[in-house]
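Right, one structure below, let's go through it.
No lab work stands behind these numbers, since they all come straight from the coordinates. Everything numeric here is computed off the predicted structure, so don't read it as measured data. Cβ sites come from the backbone with ideal geometry, for glycine too, and all protein chains shown count toward neighbours.
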Amino acid sequence: KAKRYDGARGLRFAPVAPNRDDKVTVPEGYAQNVVIRWGEPILRGAPAFDPDKQTAKAQAGQFGYNNDFLSLLPLPGERGRQVLVANHEYTDEVLMFKGYDPANPTREQVEIAWAAHGLSVVVVQEENRSGKLTPVTRHPLNRRLTATSEFELTGPAAGGALLRTSADPTGRKVLGTLNNCAGGTTPWGTTLHGEENFNQYFANASSATDKRYGLGTGATERKWERFDKRFDAQQEPNESHRHGWVVELDPFDPDFTPAKRTALGRFKHEAAQPRLTDDGRPVVYMGDDERFDYLYKFVSSKRMMKGSSRAARAHNRTLLDEGTLYVARLTGDSPAAEIDGTGKLPNDGEFDGSGVWIPLATGNVSHVPGMTAEEVYVFTRLAGDKVGATKMDRPEDVEPSPRSGRVYVALTNNSNRGKAGYAGADEANPRNANKHGHVLELAEHWDDPAADGFAWRLFLVAGDPTDPATYFAGFPKDKVSPISCPDNVAFDPHGNLWLSTDGNALGSHDGLFGVATHGERRGELKQFLTVPTGAETCGPVIQERRVLVAVQHPGEVDGASVEKPASAWPDGPGRIVRPSVVAVYRKDGGDIGV
Ligand code: FEO
Ligand code: CA
Ligand code: CA
Ligand code: CA
């Protein structure tokens, strides 16, 4: 008989203790299976993975590298099956190729890396009504999109001069999606994918706008510019403008050309998650993951059509092309003198205040003096700078609670906060040299996602709970797990918030945590799992009977290589380390945390 645990409904499990074990550690009474690994074939004709015989052609039909965001969508008509969509954020060549020479990558290695980037769509099958999932290889919906697949630029900036290149004078067709970090799932059955650190793929940049986006002036680490001139900003200055967008994919239509939605602005998109207004218009919340960058939302002017008819699907694919893009400004309600940069709570007992959404552009109309609408979309960071948006501590994943509508923003850390030459602490980012990050909770006025103002408060100030500069929504700190560097956020069917971490600065491995957002247990944070050496926990999906996580970059430790691995996960010593998706479920078949 299964043991009963204390906690909010959905969070009744024995917390996993912080550790540095080279494995996925789950709570007592839970089991796990590796759903799919880097390199497993998913398309018809793709060969089995052979680390010593990798080819670009094989990789283009296999699951990509460094799985990040995950979405699991129902697949009507096929019992026990769901559609898994995964992001493949980036490649780590020293962990992929034996004898890799970073100064002289071969063309084949570069082309394998192109094919290992992007997105995967793969149908998965539940085994014996357990939580265990296995891939259905060669399912007709299975699909790979890579750094060389065709994408369409849509919305107000598409076709404009800033998006045209010598290879694409139309400014509407772009090859590839790069650095897909987190994402979102829309109520109309598509998925959204944030193109994050795209700057790292472009060499020899020199413009001021490129600098604001972090493009480098010299060669890139991967040297792709040697193999395709579009990665050389000297030769193709506009190619980088065609990356840094939110991608929309329809996983149910293998013929759909995925779209880069310019109305949602261009920055280091971490993720994008919509919520509908009462009249059915999607509002998409988005973070720009950079120290001192901004929080955004897009409010569509079009209403979603219900159902999955051909007409509804066609209409809904236009929802993210028309509307208004906003950036957030947050103001604290405590005197500035009470925010001393240590994380000490101000006298009113909370880091909280009010905020406004500042409009940047609506369709072809700019609201930013001195910038055209096209410039606002392509150089959105500069628009945020001009209107005085609030500089945040690296906005990662942002998601509205499907239960309450409150929006949760993971602010992962900011080593430069308060340093000479940088902004100091404010009430929304109250710790200087913020090592462990915090989570902000935002409530739109009148609970209307299209509102132009909101109230906010810090829900969590992360760290070791014995550290006085931490806060867990007021919950007793002797009853919570330590947490550091929140990154991805998700909700379970009970309305609890789940947080995965990246870069734990408390000396133990990254992991996944659940926390109640409402009721007496609000703020009671419990660790559900930890990941292997060098890995980050990504893409959590919390279903009734299963938790799905992407174990990203296992073994990514300074000095590690294929020959000198830092991890033996998932297949044991002597086998190549492989980023993989893991399902966790209860051994007795019961619901998660109940
Ligand atoms: Fe790719 Fe902001 O994490
Ligand atoms: Ca306050
Ligand atoms: Ca992330
Ligand atoms: Ca991160």
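Key figures for this structure:
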{"quantity": "Difference of contour (0.36 nm per residue) and Cα-Cα distance, Thr217 to Glu108", "calculated": "36.7 nm"}
{"quantity": "Separation of the Thr257 and Asp558 label points, Cα + 7 Å toward Cβ, nm", "calculated": "4.6"}
{"quantity": "Filter on Lys391/Lys526; Lys211/Lys391; Lys302/Lys391; Lys23/Lys223; Lys391/Lys477 - keep pairs with C-alpha separation over 22 Å", "calculated": "Lys391/Lys526; Lys302/Lys391; Lys23/Lys223; Lys391/Lys477"}
{"quantity": "Cα gyration tensor of the stretch 523-594 - equivalent ellipsoid semi-axes, whole Å, descending", "calculated": "28, 13, 9"}
{"quantity": "Alpha carbon centroid spacing (whole Å) that separates the stretch 172-227 from the stretch 79-93", "calculated": "19"}
{"quantity": "For a label point 7 Å along the Cα-to-beta-carbon line of Ser415, residues of the stretch 282-307 with backbone N under 16 Å", "calculated": "290-292"}
{"quantity": "DSSP-assigned coil residues among trypsin sites (Lys or Arg not before Pro) in the stretch 52-103, each with at most 15 further Cβ atoms within 10 Å", "calculated": "Lys53, Arg79, Lys98"}
{"quantity": "Protection proxy ranking of 265-275, 413-423 - average other beta-carbon atoms within 10 Å, highest first", "calculated": "265-275, 413-423"}
{"quantity": "Largest-first ellipsoid semi-axes for the stretch 1-106, taking √(5λ) over the Cα gyration tensor eigenvalues, angstrom", "calculated": "35, 22, 12"}
{"quantity": "Rg/Rg_ref, the stretch 298-347, where Rg_ref = 2.2 N^0.38 Å and atoms are Cα", "calculated": "2.18"}
{"quantity": "Burial ranking of peptide ranges 227-234, 555-562 (average Cβ count within 10 Å, highest at the top)", "calculated": "227-234, 555-562"}
{"quantity": "Relative compactness, the stretch 29-158, computed as alpha-carbon Rg over 2.2 N^0.38 Å", "calculated": "1.16"}
{"quantity": "Convex hull volume per residue for the stretch 341-410, taking Cα atoms only, in Å³", "calculated": "148"}
{"quantity": "Theoretical FRET efficiency, 1/(1+(r/R0)^6), r = Cβ-Cβ of Asp50 and Phe227, R0 22 Å, to 0.05", "calculated": "0.40"}
{"quantity": "Protection-proxy order for peptides 210-218, 158-166, 529-537, each taking the mean of Cβ atoms within 10 Å per residue, highest first", "calculated": "529-537, 158-166, 210-218"}
{"quantity": "Theoretical FRET efficiency, 1/(1+(r/R0)^6), r = Cβ-Cβ of Arg303 and Asn19, R0 51 Å, to 0.05", "calculated": "0.55"}
{"quantity": "Cα-based Rg and Dmax for the stretch 42-90, where Dmax is the largest Cα-Cα distance (Å)", "calculated": "13.3, 39"}
{"quantity": "Rounded D (µm²/s) - the stretch 267-390, Kirkwood Rh over Cα pairs, Stokes-Einstein at 10 °C, 1.306 mPa s", "calculated": "97"}
{"quantity": "Largest-first principal axis extents of the Cα set of the chain (Å)", "calculated": "65, 60, 52"}
{"quantity": "Stokes-Einstein diffusion coefficient of the stretch 370-417, Kirkwood radius over Cα pairs, 37 °C, 0.692 mPa s, in µm²/s", "calculated": "253"}
{"quantity": "Part-to-part distance (alpha-carbon centres) for the stretch 514-547 and the stretch 296-321, which is given in Å", "calculated": "31"}
{"quantity": "Least to most buried among Asp101, Asp426 (fewest other Cβ within 10 Å first)", "calculated": "Asp101, Asp426"}
{"quantity": "Value at 222 nm in deg cm²/dmol, rounded to 500, when DSSP H runs of n ≥ 4 in the chain each add -39,500 (n - 2.57)", "calculated": "-1500 deg cm²/dmol"}
{"quantity": "Convex hull projection area averaged over all views, the stretch 187-254, Cα basis, nm²", "calculated": "5.7"}
{"quantity": "Convex hull volume per residue for the stretch 113-226, taking Cα atoms only, in Å³", "calculated": "168"}
{"quantity": "Candidate aspartates and glutamates - alpha carbon under 16 Å from Lys132, same-chain residues fewer than 8 apart omitted", "calculated": "Glu544, Asp588, Asp591"}
{"quantity": "Of Lys53/Lys260; Lys3/Lys435; Lys260/Lys297, pairs whose Cα-Cα distance is over 27 Å", "calculated": "Lys53/Lys260; Lys3/Lys435"}
{"quantity": "Stretchable slack from Asp467 to Arg575, in nm (0.36 nm times residue separation minus alpha-carbon distance)", "calculated": "34.9 nm"}
{"quantity": "Candidates per chymotrypsin sites (Phe, Trp or Tyr not before Pro) in the stretch 100-182, loop by DSSP, up to 11 other Cβ within 10 Å", "calculated": "none"}
{"quantity": "Full-stretch length increase - Arg4, Asp279 - with 0.36 nm per residue and alpha-carbon distance subtracted", "calculated": "94.7 nm"}
{"quantity": "Computed label-point distance, nm, for sites Lys479 and Ser404 using a 7 Å Cα→Cβ extension", "calculated": "1.7"}
{"quantity": "Sites Asp333 and Gln125, calculated FRET efficiency, Cβ-Cβ separation with R0 35 Å, nearest 0.05", "calculated": "0.10"}
{"quantity": "Spacing of the two label points (7 Å from each Cα toward its C-beta) at Asn33 and His315, in nm", "calculated": "4.1"}
